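Peer 1: What follows is a structure written as structure tokens; I'll ask about it next.
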Amino acid sequence: MSIIEVKNIYKVYNETKVPVNALNGVDLKIEEGEFTAIVGPSGSGKTTLLNILGGLDLPSKGDIFIEETNLKDLSSRQLTDFRLHNIGFVFQSYNLIPVLTAKENTEFILQLQKVPKKERIQKAMELLEAVGIADKADHRPGQLSGGQQQRVAVARALASQPRFIIADEPTANLDSRSTNDLLEIMAEMNRKYHSTFIFATHDQRVMDKAHRIVTIDDGKIIGDETFKGR
Amino acid sequence: MLAAIAWRNLWRNKLRSAVIITAIAIGIIGTVVTDGFMSGMTDQRVNAAIANEVSNIQIHNPAFLLNEEIKYTIPQAQKTGNTIRKNQDVKAVSLRLKCQAMASSAIAGAGVTVYGIRPDDEKQVSALHEHIIKGNYLSGKQRFSAIIGQKLAKKLDLGMDDKVIVTLADTTGTITSGAFQIVGIFKTSNDMFDESHVFILKSDMAKLMGFSSASSNEIAILLNNNHSTRSVVRELNKTFKKEIAAHQIVIQSWDQILPILKSLVEIMDYFSYLFLLIILVALAFAIINTMLMAVMERTREIGILMALGLSKRKIFSLIVLETVFLSITGALVGILISISIVYHYSIYGFDLSFVAAGGLNSIGYSSTIFFRVSNNFYLATAIMVILIAVLSSISPALKALKLQPAKAIREDI
Ligand SMILES: Nc1ncnc2c1ncn2[C@@H]1O[C@H](COP(=O)(O)OP(=O)(O)OP(=O)(O)O)[C@@H](O)[C@H]1O
Ligand SMILES: [Mg+2]
């Protein structure tokens, strides 16, 4: 069974004078352990789709199942709780809570999940180690470079072992070296922990690493390729 | 952890937080110091009234209280006085004769209260002998002598060694009068008192009225400590249950004798709390504004917190906590500074003579004020600050709750 199954979803933004049809009938299945890139031109609906996959927004029409759960059936409070326990997020930039250190940021979700302190710290340090930033554990985001911040964000997303991780253009603000490093780390986490990653990107280097590329245009999926052996 | 985030958030915009903390601190210093000043004024007035005028407790014949006729004496006053002296909290007791009279000189007359006292006893109960500015206090030896207030002396145009004529109605209602030589002039902090009191020897007064000098119609009791007034009154009421039931005596504390003074204390208190409330409500608007700005600035960050799974309840608490921390910090600074200011003026006093010594004396105040703030007032300040902080945080917190994560995260920073 797929982790995520999206069935014919539509998304219309009604707040503007002219309603915007951001998604126009999207069907998509994501399997466990996938490393999938969603690509497409600006305004094609990538962020809109990821927000729906991540339970941050609901489709105007159609259903989204995460395993057996239809997200449409959840109350706002249940949805928040569902995100906390099932979904990891890495955003484009300024992901971290500015007043918490790298370690505290990494622990944050575990703390919300009420994981005991010892276990929490151990897990956080393990992941900071894994993303190569353990020596900066006590630095606040403001004292870290953009690439380092994104690595902490990845560590945080992974720490709670979510069912999958949503990353919306995680490398958009990084130079090529940091982009490579971050991709390397995400790919390794995907291998090591078998974590499922879904990211949106414009970046050719990111696409090159993806195991599957879903192309979207005008709110519709127009291509879906899988690359075995990557 | 929520608390840690809230506390650290406070220091992200140091200037903004510092401004609001300073505003809260100044507001609190203003109210507390004002309360200290006002309480100091009332204390001083109360203490002066107790020391110079009414003592802590007085005992009379109930009929005397209704119309101050000298014939209503206290039965067995001596014995009663001796019983009272045995009480641990009682410092001194003075038995007096008291009546309304006319004091006159060759040029003017004035309605006064005349006290017949035994100087040795009276000195123990009243501090009036410390306020003699000319001449001496009464002594038992010099018969038909008097001391009068400076204001009265001026009004009657009398000086030392002049004679003041005291005219009063004796027990039968017949008018009698006597001439008393002025041996001393006093000046207290209460001009109204100074203008209306004449003190003579009890034996002279008894003779003038045709009494035995053992008769008394007022027993004044001074306590070791003003705070025990209420408990001593309770004890005495028990001790003299029979006499009270027989309508022979009635026991009153200073605040029953001078109800206006008691109301004054209460009104001052009431105004202090009202002032505190007004200041805090004004500050609430500044706090609301600051927190609304903080929430708006952090739209994206709050969106991310929501995305990560922070419940609405926790988002709400985060904003409330931050507001409470901000306010408590201001309150703490304000209270600490207030305590030191109040402490300073409680020891050294605040000298008002440069503004209005004369004016203050005429309404019964001395010109140096010793500040006092009750623990209750500090407690009320702390509680009200927290209350106001929580109330002020509601609107910013609701604003934060209205954010939708998907939209908030799209927001530019
Ligand atoms: N809150 C909104 N209200 C109205 N229109 C919106 C809103 N959010 C997105 N849109 C519109 O929906 C369409 C899809 O936007 P979306 O952000 O999903 O595109 P995207 O593929 O992520 O673009 P980019 O590559 O620039 O990030 C765009 O036309 C966008 O203008
Ligand atoms: Mg986008």
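Where a number appears in this text, it was derived from the coordinates with a stated rule and is not lab data. Note that the structure is predicted; figures quoted are calculated from it, not measured. Glycine also receives a Cβ, built like all others from the backbone with ideal geometry; neighbour counts cover every protein chain displayed.
Peer 1: Residue by residue, what Karplus-based ³J(HN,Hα) values in Hz, rounded to whole numbers, does the range B:305-313 have, using 6.51, -1.76 and 1.60 with θ = phi - 60° and x for Gly and Pro?
Peer 2: So the J values, rounded to whole Hz, are 4, 5, 4, 5, x, 6, 5, 4, 4.
Peer 1: Continuing with this model, one more query. GNM on chain B, C-alpha springs below 10 Å: top fluctuator among B:HIS60, B:HIS247, B:HIS129?
Peer 2: Result: B:HIS247 has the largest fluctuation of those listed.
Peer 1: What is the antiparallel percent of DSSP beta bridges lying wholly in chain A, to the nearest 5?
Peer 2: Numbers: 21 of 39 bridges.
Bridges in chain A that DSSP calls antiparallel: roughly 55 percent.
Peer 1: If you don't mind, another one. Charges only on Cβ, +1 for Lys and Arg, -1 for Asp and Glu: so what's the dipole of the range A:2-226 about the Cα centre, in debye to the nearest 20? Could you put the intermediate results ahead of the total?
Peer 2: Details: 27 positive and 31 negative charges, 119 e Å.
About 580 debye.
Peer 1: How high is the relative contact order of the range A:1-149? Use alpha-carbon pairs under 8 Å, at least six apart in sequence, and give a whole percent. Please list the in-between numbers first.
Peer 2: Working: 173 pairs, mean separation 29.0, N = 149.
With pairs under 8 Å counted, the relative contact order is 19 percent.
Peer 1: Using a cut-off of 26 Å between alpha-carbon atoms, which lysines can reach A:LYS136, once sequence neighbours fewer than 8 places away in the same chain are excluded?
Peer 2: A:LYS103, A:LYS114, A:LYS117, A:LYS118, A:LYS123, A:LYS192, B:LYS14
Peer 1: Report the convex hull volume per residue for the range A:80-215, counting only C-alpha atoms, in Å³.
Peer 2: Numbers: hull volume 14.0 nm³, N = 136.
Cα-based convex hull of the range A:80-215, divided per residue, equals 103 Å³.
Peer 1: Further question: Report the label-to-label distance for B:SER340 and B:LYS262 in nanometres (one decimal), using points 7 Å from each Cα along the Cα→Cβ vector.
Peer 2: A separation of 4.0 nm, rounded to one decimal place.
Peer 1: Taking chain B as a Gaussian network, where each spring joins two C-alpha atoms under 10 Å apart, which residue of B:ILE175, B:ILE249, B:ILE369 fluctuates the most?
Peer 2: Looking only at B:ILE175, B:ILE249, B:ILE369, the biggest GNM fluctuation is shown by B:ILE175.
Peer 1: Using every alpha carbon pair in the protein assembly as shown, what percent of pairs falls into each 10 Å bin from 0 up to the bin containing the largest distance?
Peer 2: 3, 13, 17, 13, 9, 7, 7, 8, 8, 7, 5, 2, 0
Peer 1: With a ≥ b ≥ c the root eigenvalues of the C-alpha gyration tensor of the range B:41-102, is it rounded (a/c under 1.5), prolate (a/b larger than b/c) or oblate? List each step's numbers first, then the result.
Peer 2: Numbers: a/c = 2.53, a/b = 1.16, b/c = 2.18.
Oblate is the answer for the range B:41-102, as a/c is 1.5 or above yet b/c matches or exceeds a/b.
Peer 1: How much net charge surrounds B:ASN9 when only the other residues with a Cβ under 12 Å from the Cβ of B:ASN9 are counted, with Lys and Arg +1 and Asp and Glu -1? Write down the numbers at each step before the final one.
Peer 2: Numbers: positive: B:ARG8, B:ARG12, B:LYS14, B:ARG16, B:ARG298; negative: B:GLU297, B:GLU301, B:GLU322.
So the surrounding residues net to +2.
Peer 1: Dividing the convex hull volume of the alpha carbon atoms of the range A:90-159 by its residue count, what do you get in Å³ per residue?
Peer 2: 72 Å³
Peer 1: Starting from the eigenvalues of the Cα gyration tensor, five times each then square-rooted, give me the equivalent ellipsoid semi-axes of the range A:164-230, largest first, whole Å.
Peer 2: Numbers: eigenvalues 74, 48, 25 Å².
One finds semi-axes of 19, 16, 11 Å for the range A:164-230.
Peer 1: Using only Cα atoms, find the angle between the long axis of helix B:353-362 and the longest principal axis of chain B, and express it within 0 to 90 degrees, rounded to the nearest 10.
Peer 2: Helix B:353-362 and the main axis of chain B meet at about 50 degrees.
Peer 1: At a Cα cut-off below 17 Å, give the lysines reachable from B:LYS202, other chains included and same-chain residues fewer than 8 away excluded.
Peer 2: B:LYS71, B:LYS98, B:LYS123, B:LYS141
Peer 1: Taking the Cα centre of each part, how many Å lie between the range A:204-223 and the range B:30-49?
Peer 2: The distance from the Cα centre of the range A:204-223 to that of the range B:30-49 comes to 78 Å.
Peer 1: How big, on average over all directions, is the shadow cast by the Cα convex hull of chain B, in nm²? Show your work: numbers first, answer last.
Peer 2: Numbers: hull surface 105.2 nm².
Average projection, Cα convex hull of chain B: 26.3 nm².
Peer 1: Enumerate the lysines that A:LYS220 could reach by cross-link, defined here as Cα to Cα under 28 Å, with residues fewer than 8 away along the same chain left out.
Peer 2: A:LYS7, A:LYS11, A:LYS17, A:LYS29, A:LYS46, A:LYS61, A:LYS72, A:LYS209, A:LYS228, B:LYS407
Peer 1: If you take every DSSP beta bridge fully contained in the protein assembly as shown, what fraction is antiparallel? Give it as a percent rounded to 5. Don't jump to the answer; show the numbers that get you there.
Peer 2: Working: 60 of 88 bridges.
So the antiparallel bridges amount to about 70 percent of the total.
Peer 1: Sticking with this structure for a sec: Please give me the summed charge of the neighbours of B:GLY116: other residues whose Cβ is under 9 Å from its Cβ, Lys and Arg +1, Asp and Glu -1.
Peer 2: On the way: positive: B:ARG96, B:LYS98, B:ARG118, B:LYS202; negative: B:ASP204.
Neighbour charge sum, excluding B:GLY116 itself: +3.
Peer 1: Can you give the Rg to Rh ratio of chain A, both from alpha-carbon atoms, with Rh computed by the Kirkwood formula? All intermediate terms of the calculation are to be shown ahead of the outcome.
Peer 2: Numbers: Rg = 17.3 Å, Rh = 18.0 Å.
Rounded to two decimals, Rg over Rh is 0.96.
Peer 1: Expressed in whole Å with the largest first, what are the equivalent ellipsoid semi-axes of the range B:62-248 derived from the C-alpha gyration tensor as the square root of 5 times each eigenvalue?
Peer 2: Details: eigenvalues 166, 77, 38 Å².
Largest first, the range B:62-248 gives 29, 20, 14 Å.
Peer 1: Give me Rg/Rg_expected for the range B:281-356, where Rg uses Cα atoms only and Rg_expected = 2.2 N^0.38 Å with N residues.
Peer 2: Working: Rg = 20.3 Å, N = 76, 2.2 N^0.38 = 11.4 Å.
The value comes to 1.78.
Peer 1: Karplus couplings for the range B:258-270 from phi (6.51 cos²θ - 1.76 cosθ + 1.60, θ = phi - 60°), rounded to Hz, Gly and Pro as x?
Peer 2: Working through the residues one at a time gives 10, x, 5, 5, 5, 4, 4, 4, 5, 5, 4, 4, 4 Hz.
Peer 1: For chain B, what does -39500 (n - 2.57) per DSSP helix run (n ≥ 4), summed and divided by total residues, give at 222 nm, in deg cm²/dmol to the nearest 500? If you can, show how the numbers build up before the last one.
Peer 2: Working: 17 runs with 234 residues, N = 413.
Mean residue ellipticity, 222 nm, calculated: -18000 deg cm²/dmol.
Peer 1: Mind checking which of B:SER212, B:SER203, B:SER253 has the largest fluctuation in a GNM of chain B, springs on alpha carbons under 10 Å?
Peer 2: B:SER212
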